[in-house]
Ligand code: PGA
Ligand code: ZN
């Protein structure tokens, strides 16, 4: 049984405070989990508890830590760690609010993940095996190699420009291709006199003349590294359009006010010019469901369309999105909903309705590699965890390399969904 749940305040990859939780079992089992934190957060995310006041810019998490060491520790002591659904149910009941704002989603998720890790440790199993059993698959990975929007101090409005290895023998082979393109991109920027400083997710963050120029740089780097765009390496982007959506329903993009129809035309023009684009996330704002769904219905045979901010890993909102035909893929972030079990439910729901899922890191991360194991356990089709740079991003990819090595012949890899026509 659980003997102690202990929280502490640590710091994330942006130097902001976050919650870490240690879970000790009576049989000696131990689990530790670090909670990530987003910047371009959706309105419907579970609430992370921050202290406010003047200490650390109001971002301290000592109240959330006190909730772990107080109420959560007291309630979970003596409980079996092996029924994750039951653990998470207890945490949700104890909090008692719909958005986990009383104890804090950061306190609750830390405990939820920590218990899963401790249970795996107690059974001497790797986390992916404990959570996933035998039905395991390594995800298709998306790597954010040019950072803009709220993740970088440049003048690019689209938040993330990603590359993904379409043709690959195994995870390592695909990742090596990504690393080669990343280094080619760096060399190109150096030659062009552009900054090679990094944004929050490890991608480069130079000032470019336009958002389209970022895509041109990716095509050039893919070719420069010796690969064929689309066939071998695909391109994806997360517009995170809520960050430039205006209250009146327009979008302030590249310094100009644009209607939703103009944004749709802009994206469709990119799709026409750049066949390598295989996936688009959040092309419209989180409150602009009608234009979002219209765009998806028109373009879903050409490109995967992912939603993040509209549904925030919330099963109720995912149900609504499926009814509305909002997207063909759902971004999945544990801390948007706040427990491991609810995240699993979100994934099952998406899959049952023939949608793919993309498990995701946050722009503020710790070195915790939980999402690598989690994506394999859930045989999630896709994972985005940043560029092949910065330790907190590599932690996830290096864990996937270890998992692939451990699985050996049994290692399966996801392929890009057939529903998106790649020919
Ligand atoms: P965030 O960004 O972690 O800052 O919310 C990630 C995303 O929008 O996908
Ligand atoms: Zn997003």
Exercise. Give me the percent of DSSP beta bridges within the chain that run antiparallel, rounded to the nearest 5.
Key: 60
Quiz item: Most exposed first by the Cβ proxy, i.e. fewest other Cβ within 10 Å, how do 47, 68 rank?
Solution: 47, 68
Quiz prompt | Estimated inter-spin distance, residue 135 and residue 179, nm [label 7 Å along Cα→Cβ] | solution = 3.3
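Hey, any idea what Rg/Rh is for region 45-189, computing Rh the Kirkwood way over Cα pairs?
Here Rg/Rh amounts to 1.09.
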Self-check item: Spherically averaged projected area in nm², based on the convex hull that wraps the Cα atoms of region 4-88
Solution: 6.6
Quiz item: Taking the chain as a Gaussian network, where each spring joins two C-alpha atoms under 10 Å apart, which residue of 165, 206, 275 fluctuates the most?
Solution: 275
Practice problem: Kindly put 23, 219 in sequence by how many other C-beta atoms sit within 10 Å of each C-beta, fewest to most. | Solution: 219, 23
Quiz item: What does a probe at residue 301 reach in region 336-366, counting residues whose amide N is under 14 Å from the point 7 Å along Cα→Cβ?
Solution: none
Quiz item: How large is Rg/Rh for region 363-419, to two decimals, with Cα atoms and a Kirkwood Rh?
Solution: 0.98
Quiz prompt | Relative pair counts by distance (%), Cα atoms of the chain, 10 Å bins | solution = 5, 23, 33, 26, 11, 2, 0
Quiz item: Gain in length, residue 319 to residue 210, computed as 0.36 nm per residue apart minus the alpha-carbon separation, to one decimal in nm?
Solution: 35.6 nm
Exercise. In Å and from the alpha-carbon atoms only, list the Rg and Dmax of region 241-378.
Key: 15.5, 44
Quiz item: Between residue 268 and residue 93, what length comes free when the chain is fully extended (0.36 nm per residue of separation minus the Cα-Cα distance, one decimal in nm)?
Solution: 58.4 nm
Quiz item: In whole angstrom, how long is each semi-axis of the equivalent ellipsoid of region 249-291, when you take the square root of 5 times every eigenvalue of its Cα gyration tensor and sort them from largest down?
Solution: 19, 13, 8
Quiz prompt | Inter-part distance where region 356-389 and region 252-294 are each reduced to a Cα centre, Å | solution = 25
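Return 9, 281, 192 ranked ascending by Cβ neighbour count within 10 Å, so the fewest neighbours appear first.
By the 10 Å Cβ count, ascending: 192, 9, 281.
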Quiz prompt | Extension gain (nm, one decimal) between residue 39 and residue 406, 0.36 nm per residue minus Cα-Cα | solution = 128.7 nm
Quiz item: What are the semi-axes of the equivalent ellipsoid of region 74-135, taken as the square roots of 5 times the eigenvalues of the Cα gyration tensor, listed largest first and rounded to whole Å?
Solution: 23, 12, 9
Quiz item: What does region 194-266 give for Rg and for Dmax, in Å, if only its C-alpha atoms count?
Solution: 14.8, 45
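Read-outs: derived from the displayed coordinates by stated rules, not from any lab. This is a predicted model, so every value here is computed, not measured. Don't worry about glycine lacking a Cβ; one is built from the backbone with ideal geometry, like all the others, and counts go over all protein chains shown.
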